[in-house]
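Trainee: Handing you this structure, nothing more for now.
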């Protein structure tokens, strides 16, 4: 034990451990900075193209995506709006603008844009993000419909979509449906303490206190291993 302590002490006294940590962090920051600079160059390139091709909707969307990647969400929305003024039946423009509104937590606008997108092109992702937007506005019944469509269209069962639909069932007191979805989600991710927490809440709401207590006890045991605190396990949607 003394040798172990001495070796550990010597390693960190030398500063190698801390230097390695700072080196990794610096490298990550450097990579991010390089990527950001590359994206900015792409934006300049697309802007130059648009000076000559003012009605090229694809280039507007390419520039919008680049702007989104560096968190210039308003600029991205403006590009999508410009593209839609040229061609309002261009699905990629509705999709990109919807996602930017979603990232800005402008859920009503996101819902509108995803609805327009779904008129032109049906996709599980559009239903999924419209479902989240509706759930965050407490439009739970409509969110359930969207998550159901997303699950039907998706390749295989997705545990996060199952969980989100279960949450909507739970807050609307449809406990059996919530339990069914959460059990399916846990089959795909058996160590997820967030799923366990809401499974316990569903059993509790149903009145099955004994099972709820067993689930909460399992959640309590797994929580330290998952590295999650109480707030994270109760984050909802």
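Residue-wise test of (1) in a loop (DSSP other than H, G, I, E, B); (2) modelled with pLDDT under 95.
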{"residue": "12", "(1), (2)": "no, yes"}
{"residue": "17", "(1), (2)": "no, yes"}
{"residue": "24", "(1), (2)": "no, yes"}
{"residue": "28", "(1), (2)": "no, yes"}
{"residue": "34", "(1), (2)": "no, yes"}
{"residue": "47", "(1), (2)": "no, no"}
{"residue": "51", "(1), (2)": "no, no"}
{"residue": "55", "(1), (2)": "yes, no"}
{"residue": "58", "(1), (2)": "no, no"}
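Trainee: The conditions are (1) touching a helix residue (DSSP H, G or I) at 6+ places or on another chain (Cβ under 6 Å); (2) modelled with pLDDT of 75 or more; (3) farther than 16 Å from residue 170 by Cα, and residue 214 fails exactly one of them. Which is it?
Mentor: All conditions are met except number (1).
Trainee: Can you pull out every residue in region 69-101 that is surrounded by fewer than 21 Cβ atoms within 10 Å (Cβ to Cβ) and under 20 Å from the mean Cα position of the chain (by Cα)?
Mentor: Answer for region 69-101, where residues must be surrounded by fewer than 21 Cβ atoms within 10 Å (Cβ to Cβ) and under 20 Å from the mean Cα position of the chain (by Cα): 69, 70, 71, 72, 73, 74, 92.
Trainee: For the condition part of a helix (DSSP H, G or I), in contact (Cβ under 8 Å) with a residue 60 or more places away in the chain and either more than 25 Å from residue 222 (Cβ to Cβ) or under 19 Å from the mean Cα position of the chain (by Cα) (or both), what is the one hit in 164, 194? Give the steps one after another, and end with the answer.
Mentor: Details: 194 fails: in contact (Cβ under 8 Å) with a residue 60 or more places away in the chain.
It is 164.
Trainee: Of the conditions (1) in contact with a helix residue (DSSP H, G or I) (Cβ under 8 Å, 6 or more places away or on another chain); (2) under 26 Å from residue 133 (Cβ atoms), residue 206 clears all except one; give me its number.
Mentor: Result: residue 206 fails condition (2) only.
Trainee: Now, a different point. Scan region 168-176 and give yes if some residue there is surrounded by fewer than 18 Cβ atoms within 10 Å (Cβ to Cβ), more than 19 Å from the chain's Cα centre (by Cα) and not in a helix (DSSP H, G or I), otherwise no.
Mentor: Yes, some residue in region 168-176 is surrounded by fewer than 18 Cβ atoms within 10 Å (Cβ to Cβ), more than 19 Å from the chain's Cα centre (by Cα) and not in a helix (DSSP H, G or I).
Trainee: Continuing with this model, one more query. Of all residues in region 143-167, how many are over 17 Å from residue 195 (Cβ atoms) and surrounded by 16 or more Cβ atoms within 10 Å (Cβ to Cβ)?
Mentor: 6
The values are calculated or read from the model by the stated rules, or taken from the named source; none is laboratory data. Model, not experiment: these values are computed from the prediction. FYI the Cβ positions are ideal-geometry reconstructions off the backbone, even for glycines, and counts take in every protein chain you see.
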